[in-house]
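Asker: Mind having a look at this structure? Questions to follow.
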Amino acid sequence: MDSAYISALAALAGSVIGGLTSLAASWVSQSYQARTQHLLGDKLRRQELYRMFIEEASKLYADALATNKAELSNMINLYAMANRMRVISTPPVADSADNVVHMIIESYFGPNLTLQDFRDPANRHRLDPLRHFSEACHQESVFLARTGG
């Protein structure tokens, strides 16, 4: 074979390999960016749901401590948020949300409390009903950051 052909084939092979390498690097980069965007979107949706749940549960819990008249539509909204958590959250977060909902319902059936009642050490645990839920959300966030999920 003529050396001119060998040089031409080597140059052509080098161009093809360079093009394929560039294409592969581009594909990997795009794939990584798409995955990162997807994970960020999931995280933001989860955080927004948790924020809404905390706000709604706090209002309902305060109402439950002061009155015995629950607004059914508000409770259904809270149940809907807890059910969405079962779909997108880890089991500890979903279980914790369920516990909050049950605590609120039980509070409507309990005696009404005043601010003065919270000075009693027996009632202090009732001051922060969302603590375990918040801790479960934080642990989930740390876990997902470590695992890349």
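The values are calculated or read from the model by the stated rules, or taken from the named source; none is laboratory data. Owing to the predicted nature of the structure, the values given are computational and were not obtained by experimental measurement. All Cβ positions, glycine included, derive from the backbone under ideal geometry; neighbour counts span all protein chains shown.
Asker: Against the conditions (1) surrounded by fewer than 17 Cβ atoms within 10 Å (Cβ to Cβ); (2) in a helix (DSSP H, G or I), where does ASN68 fall short? Just the number, please.
Answerer: (2)
Asker: Kindly establish whether GLN37 is among the polar types (S, T, N, Q), closer than 30 Å to ALA97 by Cα and within 25 Å of the chain's Cα centre (by Cα).
Answerer: yes
Asker: Any residue at all in the range 96-116 that's surrounded by 14 or more Cβ atoms within 10 Å (Cβ to Cβ), of a type in the set (A, V, I, L, M, F, W, C), part of a loop (DSSP other than H, G, I, E, B) and in contact (Cβ under 8 Å) with a residue 40 or more places away in the chain?
Answerer: Looking for residues that are surrounded by 14 or more Cβ atoms within 10 Å (Cβ to Cβ), of a type in the set (A, V, I, L, M, F, W, C), part of a loop (DSSP other than H, G, I, E, B) and in contact (Cβ under 8 Å) with a residue 40 or more places away in the chain, one finds at least one in the range 96-116, hence yes.
Asker: Let me ask something else about it. Tally the residues that are at pLDDT below 95 and within 11 Å of the chain's Cα centre (by Cα), restricting the search to the range 88-108.
Answerer: 3
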